[in-house]
Amino acid sequence: MKFFTGRVVKRAILLFSCLMLLLASVCFATDYDQLFTDANDAMAQGDLPAAIALLKKVEFEKGDESGAFVRSRMQIARLQFALKDMEKASSAAKEVLAVYPDNSEALNFLASVKQEQTPRYQVFIQDCLRFLPQLLKGAVMTITLVVCIILISPVGGLLIALGRISTFKPISAVCWFFIWLFRGTPLLLQLFFIYYGLPSMGITFKPFTAAILGLGLNYSAYLGEIIRGGIQSIEHGQMEAAKAIGMTYWQAMRRVIIPQTYKRLMPPIGNEFIALIKDTALVSTIAMVELMRSADQMFNAYFNVTALILAALIYLLFTTIFTFVFEKIEVRAGIYENR
């Protein structure tokens with residue numbers, strides 16, 4: 001009987017001890033929760049030093065399931081970072097690493113502190129070296145698109161212009177409809193229709209082909225109207241004089257009328273091709289990896305505005321070069337008129 005009573009007493013003592021330990025852990029957790037609450041209140045009032053002092057009361061305990069110690073030290077690190085005290089911010093993060101060497105949050109925070117302490121010009125240079133290779137690959141694709149459209153659209157525009165002023169009504173009507181359609185709808189919608197809409201009709205294009213087709217048709221329509229205006233700006237007497245010496249209509253157009261339009265066409269055509277450089281950014285919406293898409297991908301990956309700044313500088317460089325080239329062509333085309 002005594003043995004049985006002793007066992008009951010021992011079990012009761014053991015159960016009481018477990019309950020006390022559980023109650024103590026709950027009390028500590030509650031105390032830590034209260035500390036975090038008080039610290040958040042202090043931060044809301046703008047008293048960061050008081051919040052840091054409260055959070056420092058959280059001590060490391062073995063088997064800390066709630067992660068209160070890590071939370072407190074990382075919060076202290078962020079607050080010290082906000083106060084521009086990088087040394088104390090690093091110390092708080094290192095307290096976490098001393099206990100948990102592989103803590104990714106603390107490691108990433110120390111890397112951010114190191115970057116913050118690096119001079120701005122060095123950070124910009126490092127970002128440029130990191131982003132430029134990918135941006136230049138995208139820039140090569142942008143230039144490839146521009147060159148292809150420059151070769152395609154003037155030919156298409158000339159054919160449309162000649163058809164537009166043709167006396168054969170069906171051809172003139174078709175060319176008018178083409179211009180009306182492609183000038184009256186957004187280029188982005190045209191690209192979407194070619195790349196996403198046509199597959200539903202059984203016609204599928206790769207991104208590069210769809211980009212060439214969309215940009216080529218759109219710019220052919222715009223250049224068609226520009227060229228038509230240039231041709232019709234030449235005095236009607238030029239055509240009559242050409243016919244008087246025995247030229248046919250097409251011979252007169254090729255040898256007399258069209259050569260005289262070069263100087264008049266250079267400024268508006270140059271403007272169109274400069275706009276083309278910027279419009280190539282729209283092909284990023286059809287999975288075409290060119291300059292704008294490359295910049296957007298890197299910005300979304302790193303949240304670093306340097307990628308967008310570099311892309312803007314590359315676009316400015318391209319437009320500057322094209323502006324200079326077309327000014328030289330314009331001067332060259334009008335050399336005989338300037339004599």
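The values are calculated or read from the model by the stated rules, or taken from the named source; none is laboratory data. These numbers come from a predicted model, not from an experiment. FYI the Cβ positions are ideal-geometry reconstructions off the backbone, even for glycines, and counts take in every protein chain you see. Side chains are part of the model used for accessible areas, which takes the heavy atoms of the whole protein and leaves out ligands, DNA and RNA. Shrake-Rupley method; radii C 1.70, N 1.55, O 1.52, S 1.80 Å.
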Accessible surface, per residue, of the chain when the full set of protein chains is kept, probe 1.4 Å, Å² = 61
message = At 0.36 nm per residue, and after removing the present C-alpha to C-alpha distance, how many nm does the segment from SER104 to ALA82 gain when stretched out fully?
response = 5.9 nm
note = For the chain, whose charge dipole is built from +1 on Lys and Arg Cβ atoms and -1 on Asp and Glu Cβ atoms, the candidate among ALA295, VAL70, THR319 with its Cα farthest towards the positive end is THR319
task = Check cross-link reach from LYS88 to the aspartates and glutamates: straight Cα distance under 19 Å, and skip same-chain residues fewer than eight apart.
result = ASP47, GLU59, GLU105, GLU116
key: DSSP-assigned coil residues among GluC sites (Glu not before Pro) in the range 225-319, each with at most 10 further Cβ atoms within 10 Å   = GLU235
task = Give the carbon-plus-sulfur fraction of the accessible surface of the chain in %, rounded to a whole number; probe 1.4 Å, heavy atoms of protein chains only.
result = 65
message = A 29 angstrom limit on the alpha carbon distance is what I want to check against. Which of LYS114/LYS278; LYS169/LYS278; LYS56/LYS84; LYS137/LYS206; LYS169/LYS243 exceed it?
response = LYS114/LYS278; LYS169/LYS278
request  = Run down the lysines and flag those whose C-alpha is under 16 Å from the C-alpha of LYS328, throwing out any fewer than 8 positions away in its chain.
outcome  = LYS263
Qualifying lysines (Cα of each under 21 Å from Cα of LYS62; at least 8 residues distant if same chain) = LYS94
task = Taking volume of the Cα convex hull per residue in Å³ as the quantity of interest, determine which of (i) 204; (ii) 251; (iii) 146 was computed from the displayed structure.
result = (ii)
ask   = What nm value, rounded to one decimal, do you get for the distance between TRP176 and ARG255 when each label is placed 7 Å out toward the C-beta?
value = 3.2
ask   = What ranking do 82-88, 199-205, 54-60 get when scored by the average of other Cβ atoms within 10 Å per residue, highest first?
value = 54-60, 82-88, 199-205
remark   = In the chain, helical segments from DSSP H whose Cα atoms cover 24 Å or more along their own axis and that average at least -0.5 on the Kyte-Doolittle scale are 2-44, 120-164, 207-232, 258-279, 306-333
ask   = Rounded to the nearest 20 Debye, what is the dipole magnitude of the range 197-315 about its Cα centre when Lys and Arg each give +1 and Asp and Glu each give -1 at the C-beta?
value = 320
